[in-house]
Amino acid sequence: MSECLFCGIVEGETPADIVLRTDEVVAFRDISPQSPVHVLVISTSHHANVAEIVAADPTLAGHLLAAAAQVAEAEGLSNGYRIVFNTGADAGQTVFHVHAHVLGGRDLLWPPG
Ligand code: AMP
Ligand code: ZN
């Protein structure tokens with residue numbers, strides 16, 4: 001078994017509601033959605049966070065962003081969406097395998113108010 005939760009999803013050891021899979025990336029629905037559409041996009045190879053993936057393999061980081069935009073389009077988020085990379089514990093990162101949160105389907109104006 002993978003020690004990393006998201007490597008486990010890549011390997012099929014951990015079930016997930018997968019919406020996109022390529023050799024480079026996997027996208028799946030967040031188990032605890034914060035908006036009507038909440039999809040996580042990860043690289044199939046393990047990198048801890050966005051800083052590490054862009055340093056190690058900028059082309060792969062580009063694939064990740066392209067997949068996030070592709071998911072947003074496929075989910076019908078033509079009015080807008082947010083892509084978030086929580087990076088480090090102070091930002092609330094809890095899974096240390098890089099993931100883009102693709103959020104949309106409601107008003108996401110930020111800061112709120
Ligand atoms: P972060 O706090 O940025 O590290 O985000 C981790 C995200 O992973 C959270 O939004 C969790 O709800 C989500 N998550 C944790 N476990 C799973 C899982 N097994 N399948 C799908 N999403 C998950
Ligand atoms: Zn991993």
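Number of residues in the range 84-103 that are open to solvent by 20 Å² or more (accessible area, probe 1.4 Å) and either among the hydroxyl-bearing types (Ser, Thr, Tyr) or more than 13 Å from Ala27 (Cα to Cα) (or both) equals 12. Of everything in the range 7-34, what is within 16 Å of ligand 2 (Cβ to nearest atom) and assigned to a strand (DSSP E or B)? Give them in sequence order. Matches in the range 7-34: Ile18, Arg21, Val25, Val26, Ala27, Phe28.
Only residues that are buried (at least 17 other Cβ atoms within 10 Å of the Cβ) and farther than 15 Å from Ala100 by Cα were counted across the range 11-37, and they come to 1.
Restricting the first member to the range 92-113 and to residues that are assigned to a loop (DSSP other than H, G, I, E, B), and the second to residues that are of a type outside the set (A, V, I, L, M, F, W, C) and near ligand 1 (Cβ under 8 Å from one of its atoms), the beta-carbon pairs closer than 7 Å and six or more apart or on different chains are Gly92/Asn86; Gln93/Asn86. For the range 50-65, a residue qualifies if it is surrounded by fewer than 21 Cβ atoms within 10 Å (Cβ to Cβ) and within 11 Å of the chain's Cα centre (by Cα), and the qualifying residues are Val50, Leu65.
Identify, please: which residue in the range 38-49 is within 13 Å of ligand 1 (Cβ to nearest atom) and buried (at least 17 other Cβ atoms within 10 Å of the Cβ) and is, among those, farthest from Glu75 (Cα to Cα)? Even if it seems obvious, please write down each step before you answer.
Filtering the range 38-49 down to residues within 13 Å of ligand 1 (Cβ to nearest atom) leaves 38-42, 48-49.
Filter again for buried (at least 17 other Cβ atoms within 10 Å of the Cβ), leaving 38-42, 49.
Numbers: His38: 10, Val39: 9, Leu40: 13, Val41: 13, Ile42: 17, Asn49: 25 Å.
Among those residues, the one meeting the criterion is Asn49.
The values are calculated or read from the model by the stated rules, or taken from the named source; none is laboratory data. From a predicted model like this one, the values you see are computed outputs, not experimental measurements. Every residue, glycine among them, receives a Cβ derived from its backbone with ideal geometry; neighbour counts consider all protein chains shown. We work out accessible area using only protein heavy atoms, side chains counted, and drop any ligands, DNA or RNA first. Shrake-Rupley method; radii C 1.70, N 1.55, O 1.52, S 1.80 Å.
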